[in-house]
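Before any comments, here is the structure.
The values are calculated or read from the model by the stated rules, or taken from the named source; none is laboratory data. Treat the numbers as computed from the prediction; the structure is a model and nothing was measured. Cβ placement follows ideal geometry from the backbone for every residue including glycine, while neighbour counts extend to all protein chains displayed.
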Amino acid sequence: MFRPLAANIGMRYAVSRRSFISFISTIAVSGLVLSVAVLLIVTSVMNGFERELRERVLGVVPHLTLHGSQPVRDWEGLAAQALTVPGVTGAAPFVQGAGLVAVGQQSAGVSITGIAPEHHAQVSDIATYLQSGGLDTLAAGEFGVLLGARLAQRLGLTVGDSLTLVLPEASVSLAGLTPRQKRVTVAGLIDTRSELDSRTVYLHIGDAARLFRLGDRVHGLQLRTADLFAVGAMAEQLRAMPHEESFRITSWMRMHGNLYQAIGFQRATMFLLLSLLVGVAAFNLVSSLIMVVNQRRGDVAILRTLGAGNRTILGTFITLGSLVGLLGVGMGIGLGLLGAYMIQDGYLWLEQQLGLNLMSQYFVTYLPSEVRPGDVLTVASVALGLCVLSTLYPAWRAARLKPAEVLRYE
């Protein structure tokens with residue numbers, strides 16, 4: 001009683017069996033459901049990759065690094081200066097160099113990083129990903145190392161095992177020039193489930209300084225910032241600081257910036273391409289609605305003879321098409337949410353069943369997913385908007401029907 005006539009008739013047509021008996025209508029709605037679900041699942045997966053890069057990789061690596069042109073002696077003074085720059089929230093010294101880890105006949109190239117356990121938590125979340133214990137497992141003089149889980153698995157190592165660190169610097173002995181080596185013990189395993197687990201070895205900064213023959217000096221400072229994307233401006237302010245030692249500044253964008261931008265670009269591109277797929281599925285409703293218009297020609301003619309105007313006829317079929325589109329989009333959102341929440345565990349189960357590691361070449365070793373309410377709303381809005389657009393032509397055709405021609409043979 002309180003609904004407009006067009007909305008009332010459109011809703012009655014929507015629940016009528018005659019509006020849904022067509023096989024073409026079923027296919028059109030099914031296509032809409034699947035395309036909306038795929039768009040939501042793919043968007044959630046891209047969100048998951050962005051989250052994992054931001055939290056797992058960028059949460060462990062430093063946001064800014066100050067490399068001294070010569071080993072730095074007064075790193076505390078340099079850190080105090082760096083912390084005066086707005087946006088710099090933490091500073092810690094480091095010693096870093098390339099090397100090899102060797103176990104029996106196996107070896108692997110690694111990045112050897114010396115850290116100060118009492119300061120490193122200010123610039124990295126690495127302690128979060130330790131399988132047991134904390135950074136305090138690294139004690140000066142004990143030559144214990146933290147090893148990435150993937151590297152440990154590759155070499156068949158576990159906590160308590162020994163391995164040899166080989167540095168690309170030569171030592172002179174009775175046998176001639178030989179690479180410097182040091183026997184160390186695995187003190188803990190790091191499992192970030194990212195590429196970092198296959199190439200990084202951490203040890204106490206005092207032990208690292210001894211290995212690289214630095215004495216009480218370090219290679220530089222690692223910094224954490226409050227804003228990942230303001231590192232460029234902060235780097236300029238750091239260069240302008242008055243200091244005695246010269247150094248170069250690198251940011252996370254040097255190693256991972258292209259990857260972060262690629263994820264954002266691919267996310268936008270995939271959303272656009274899959275929105276076109278949703279558009280194709282939505283416009284398939286046109287043929288379905290035209291069939292409904294042909295089925296309801298007599299009804300339209302009777303409404304016109306009773307005084308219904310073009311706006312009423314247009315509103316009737318726009319309401320019908322919108323309700324059908326709302327049904328398809330709603331089912332697609334439901335299916336997409338189910339798939340987005342299950343895809344991570346489902347992918348792991350599939351890998352286990354097939355005995356494969358399909359993600360081993362990526363920066364994370366599993367398929368992440370993150371559902372964001374804003375993306376769900378965007379997908380639903382885009383799909384519903386395309387569905388409403390697809391109703392305009394069939395509704396316009398219905399409004400152009402002439403009662404005399406339709407009822408001539410009735």
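Just to be sure before I move on: is Ser44 touching a strand residue (DSSP E or B) at 6+ places or on another chain (Cβ under 9 Å) and of a type outside the set (A, V, I, L, M) in the structure I sent? No. Against the test of being in the same structural domain as Val379 (by TED's automatic domain parsing), in contact with a Cys (Cβ under 8 Å, 6 or more places away or on another chain) and among the small types (Gly, Ala, Ser), the options Gly330, Gly339, Gly321, Gly315 yield a single qualifying residue, Gly321.
Quick check on Gln106: is it touching a helix residue (DSSP H, G or I) at 6+ places or on another chain (Cβ under 7 Å) and touching a residue at least 24 places away in the same chain (Cβ under 8 Å)? Yes; evaluated as a whole, the condition is true for this residue. The residues on offer are Tyr362, Tyr366, and the sole one that is assigned to a loop (DSSP other than H, G, I, E, B), buried (at least 16 other Cβ atoms within 10 Å of the Cβ) and modelled with pLDDT under 90 is Tyr366. Among the residues examined, Asp227 does not qualify as more than 30 Å from Val329 (Cα to Cα), surrounded by 14 or more Cβ atoms within 10 Å (Cβ to Cβ) and either among the acidic types (Asp, Glu) or modelled with pLDDT under 85 (or both). Of the residues screened, Gln131 is one that is under 17 Å from Val60 (Cβ atoms) and surrounded by fewer than 17 Cβ atoms within 10 Å (Cβ to Cβ). Examine the stretch 239-255 for a residue that is in a helix (DSSP H, G or I), within 38 Å of the chain's Cα centre (by Cα) and modelled with pLDDT under 80, and state whether such a residue exists. There is at least one residue in the stretch 239-255 that is in a helix (DSSP H, G or I), within 38 Å of the chain's Cα centre (by Cα) and modelled with pLDDT under 80. Please tell me if Val231 is part of a helix (DSSP H, G or I) and either within 24 Å of Ala98 (Cβ to Cβ) or assigned by TED's automatic domain parsing to the domain that holds Ala80 (or both). Considered against the rule, which asks whether it is part of a helix (DSSP H, G or I) and either within 24 Å of Ala98 (Cβ to Cβ) or assigned by TED's automatic domain parsing to the domain that holds Ala80 (or both), Val231 comes out as yes.
Residues checked against (1) modelled with pLDDT under 85; (2) over 17 Å from the mean Cα position of the chain (by Cα); (3) charged (D, E, K, R):
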| position | (1), (2), (3) |
| --- | --- |
| Trp349 | yes, yes, no |
| Val371 | no, no, no |
| Gly374 | no, no, no |
| Val382 | no, yes, no |
| Pro394 | yes, yes, no |
| Glu405 | yes, yes, yes |
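Listed by first and then second residue, the pairs linking a residue in the stretch 25-48 that is surrounded by fewer than 21 Cβ atoms within 10 Å (Cβ to Cβ) to a residue that is basic (Lys, Arg), with Cβ atoms under 6 Å apart and 6 or more places separating them unless they lie on different chains, are Asn47/Arg372. Go over the candidates Val101, Val85, Val145 one by one and state the one that is assigned to a loop (DSSP other than H, G, I, E, B), touching a residue at least 24 places away in the same chain (Cβ under 8 Å) and on the phi < 0 side of the Ramachandran plot. Residue meeting the stated conditions: Val85. If you filter the stretch 41-94 down to residues that are polar (S, T, N, Q) and more than 31 Å from the chain's Cα centre (by Cα), you find that the one that is farthest from Arg372 (Cα to Cα) is Gln70.
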